[in-house]
Amino acid sequence: MAKRVIPWAGREKRRQTNKAVGGSFLKTVTELLTNSDSALKKHLSLAHAAGLVDAMLELKSGDRVDTAVLKKSLPKRSKGTIIVQVYSKQLGRFPSRTCQVIDYGPGMSEVELDRNFGAYAKAKAKGEQTRSLFGRGALDVFLYHSNQRRDDGVDPAAHVFSVKEGILSHCRISWGTTGRDEEDSIIETETLGPATASMLKKHSLPPDLTRSGTVVRFILAEGTRIPQEGNFLPSLSNFYMLRLIAADPSMTVVIERYTSKGRMEEPLAYDFDLGNVLKRSHDVFRHDRLGEIPVDILVARSDRKMTSDYNYERRENGLLFVDDNDAVLDLTLLPEYNNDPLLSRIYGIVKLTGIRAPLEALLDDRLPEAVLTETRDGFDAKNEIAQALFALVEKHVRSIYEEEQKRERRGSGNRSPELDKKLKDALQELNKFHNEETGDGTGVPPPVPPEGPLSFAYRKVRLVAGQDRRLSLYAERDRIHEDLNVIELTSNNPRVRVVPESEVVTRRKGSRFQTIPITLSCPVTAEIATITARAMSIEEQVLEATLEVTEVVEPHQIPVPVDLEFRPARYNGKPNVENQLVLFVNLDAFPGMPTIKIRIVGREGAVTIGTERCEKLEIKTQKDWVVPGSNIAKVVIPYWATAWGAKAEIEAKAKRTDGRIAFARCKLGFREQTGLNQYEDLLYEPLDRPVLGEAAQKYIYVNSRPPVHRSLFGDSQETFERALEVDPIAQMRMASIVTDAVVYDVASKKYHKGGEKGLTIGNEPITEVREFVEAKRYELDSKIVRAFLKESTTQ
């Protein structure tokens, strides 16, 4: 009787690879980065676990989660480097959409290349301290992206070049025929010889790849969308399977992008949200087929509401399930809690020690079982073992979840529903006043009516540096997919910010279009950008609308600073992109072009400044920074962070002509601004300037430094809100302060704006400003009293 192996049809391979990787750029990069990380750590004799997870699990209830600080406590280890290159345009021998991943690990010989990539779903790493489980990650990538036909002569195959002990080997993975009618996957291998300079150049490989290392090269399939520039690094760093690699201080992952703007190089970095530990617990998961698995759990509360989209590529909140090799298994709040918006602040770690070997054994069983999905989307929620594990974890987190749900239902923070309602009514009046005075409201009729499934109210706009520009996006409700109903908003220029970055479209009878207010801003001039809105149609086709930012210009009027002044005094940035702050220098106060010393004087989280991402700078003022028609220099300083919730205070100083030292300070925050109004909340914090309160970004601040405020409001946000609950004097004081802060904020914006809605000041500036402020305070103060102190109006 003849015997042979039953072949696996090529069409089934295509289906499996499409199911696993699909059109996901993030999953594509993750598979290759994970392989490189494992190889490099093995080469450097490093444990796969960086130690950060264990350091987090040593925190206790009430402790602050600041992983930037925890990283500093980890033992020093050898450092490795991985380079990811993405070409958005053709450059030399690299076609557009080429992707390369380069590591300097041990490399592979021709025999090892054939063994590692010549068999699909084989447990090639069985028993090793690595992250591979299904044995198909890289092959899924290669087979998916090489499955495209090209008419331009470009080879669509995936290539792996590897140097081991100075010898260069190569394998090519593609689709083709091998004697059968149906196309199938093919691997071709060869030994090219010594990795000499000429040999490396011939194959366009890095010149320093002489001893060992690997280069993976392929062309991204057309259906794989590369994230826009403004969201490229944040998307990669936030993707749940990459977080621990991006957070590992011993591993440097360099992202190189080649675009029409040139070459850009940035490190991949991640820190968990700043927050507070709610619970720390330990248990053992016992199962007949897995044995005993120690389980360590940490649950924390973020300072902000995180994206809780069930889509793993966007999701931020949830418990990160990991093993003892820092392999990320899942990101979930647990199935029945995943879509609860009241839990959007909850995140944490669930460490499953020793789970890899039992999972491997299940895959090799006579009746194989996969507890994790092959699509890289975490645990299979229908699997009995996964359900039992989730039930164990739920016993520890249920009480925390229930308390968080109660807290969120109470309103903002620990406010009572009554106080929360009063503050929202007061903020509504303040926002109405702001919109009427600045002409910035969403109620302003758009020049272009809604048309099509997605459309912006404007096709092109011009921005003023340092000022928000508000407009609308329209979504045709019935044309947007009912389940995949999130619109993503991105900017191809990270200096031009768009808020919000996503919005949910809901169905509503009698309302064809949903109006989505958006805000554009840019701190510096001479920038352009394309803002793109994308959504999924009911036919599961990508819908798209674009808006062009044609230029960013200087404000109509720039008040002259005394010497040094940050404008504004508060900045709100986004992690993992370059943000900018602006320092104005009155050159009349200094001899020549002054040298300015800038430093971080206090911070929480990993905040850095300058192109080199350091803690202090010395900047020599340049003539070409002078604002035309003035003697004011505008110094633009990049700043960075790796986590939401990070904050810092920046100080600038320089020696004046009169010998005194000029000082200026500003505060940096990384607080996501998701609301649609100008003013979203009221905060009680110490302010550096001698003011009772101020409005900045989306917040109104009451200064906690004055003794009278500490007497009335106490020392914290909690005591401030308790005082507002019960003390009429505290309520009246608060109403007066926020009214003043908003009136001055509006006056400043009107002055800078100019034009029909501007504030023009003539020969009597003090008198004219005072008249405007007093008139508006008189008008607004009574409205705030009516909104917040309703009982006062009935007496």
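The table below lists the values:
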quantity	calculated
Over the range 161-308, relative contact order from alpha-carbon pairs under 8 Å, at least 6 apart, %	14 percent
Candidate aspartates and glutamates for bridging to LYS783, where Cα separation is under 14 Å - those fewer than 8 sequence places away on the same chain excluded	ASP425, GLU429, ASP740, GLU791
Set LYS41/LYS351; LYS382/LYS406; LYS432/LYS698; LYS698/LYS750; LYS574/LYS653; LYS42/LYS164 screened for pairs whose C-alpha atoms are more than 23 Å apart	LYS382/LYS406; LYS574/LYS653
Förster radius 41 Å - calculated FRET efficiency between ARG263 and ALA47 (Cβ-Cβ, nearest 0.05)	0.75
Cut-off 18 Å (backbone N to label point 7 Å along Cα→Cβ of GLN405), residues of the range 320-352	332-347
Gain upon complete extension [THR177, SER61; 0.36 nm per residue less C-alpha separation]	35.7 nm
Share of carbon and sulfur in the accessible heavy-atom surface of the chain [1.4 Å probe, %]	50 percent
The range 662-715 - Debye-derived log10 I(q)/I(0), Cα point model, q = 0.15 Å⁻¹	-0.49
Acute angle (nearest 10 degrees) that the helix 10-20 long axis makes with the longest principal axis of the chain, alpha-carbon atoms	30 degrees
Radius of gyration and Dmax over the Cα atoms of the range 157-239, both given in Å	16.8, 48
From the C-alpha gyration tensor of the range 335-414, square roots of 5λ in Å	32, 12, 10
Degrees between helix 384-410 axis and first principal axis of the chain (Cα, 0 to 90, nearest 10)	0 degrees
LYS89-ARG225 FRET efficiency (beta carbon distance; Förster radius 22 Å; 0.05 resolution)	0.85
The chain, relative contact order [Cα under 8 Å, separation at least 6], %	9 percent
Relative frequency of Cα-Cα separations exceeding 14 Å in the range 202-243, percent	68 percent
Protection proxy ranking of 251-263, 43-55 - average other beta-carbon atoms within 10 Å, highest first	43-55, 251-263
Label-point gap, in nm, between MET199 and THR375 - each point 7 angstrom along Cα→Cβ	4.4 nm
Gain in span if fully extended, VAL504 to THR550, counting 0.36 nm per residue against the direct Cα distance	13.8 nm
Gain in span if fully extended, ARG689 to THR191, counting 0.36 nm per residue against the direct Cα distance	172.4 nm
Anisotropy class of the range 604-702 from Cα gyration tensor, a/c 1.5 cut	prolate
For ALA696, distant residues with modelled amide H under 5 Å away	TYR701
Whole-number D in µm² s⁻¹ for the range 243-334, Kirkwood Cα-pair radius fed into Stokes-Einstein, 10 °C, 1.306 mPa s	98 µm²/s
Per-q log10 I(q)/I(0), the chain, q = 0.05 Å⁻¹ (Debye; single scatterer per alpha-carbon; no solvent)	-0.30
Cβ crowding within 10 Å averaged over residues, with 347-354, 650-657, 184-191, 100-107 ranked highest first	100-107, 347-354, 650-657, 184-191
Nearest 10 degrees, 0 to 90: helix 717-726 Cα axis against the chain principal axis	50 degrees
The range 233-326, relative contact order [Cα under 8 Å, separation at least 6], %	25 percent
Rg/Rh ratio calculated on Cα atoms of the range 449-566 (Kirkwood radius)	1.09
The chain, helix-only ellipticity at 222 nm - DSSP H runs n ≥ 4, -39,500 (n - 2.57), divided by all residues, nearest 500	-8000 deg cm²/dmol
Pair-distance profile P(r), taking every C-alpha pair of the range 532-584, with 5 angstrom steps and integer %	4, 12, 12, 14, 16, 12, 10, 7, 6, 4, 2, 1
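The values are calculated or read from the model by the stated rules, or taken from the named source; none is laboratory data. Not measured: the values here are computed from a predicted model. Glycine also receives a Cβ, built like all others from the backbone with ideal geometry; neighbour counts cover every protein chain displayed. The protein model used for the area step is the full one, side chains on, heavy atoms only, and it has no ligands, DNA or RNA in it. Shrake-Rupley method; radii C 1.70, N 1.55, O 1.52, S 1.80 Å.
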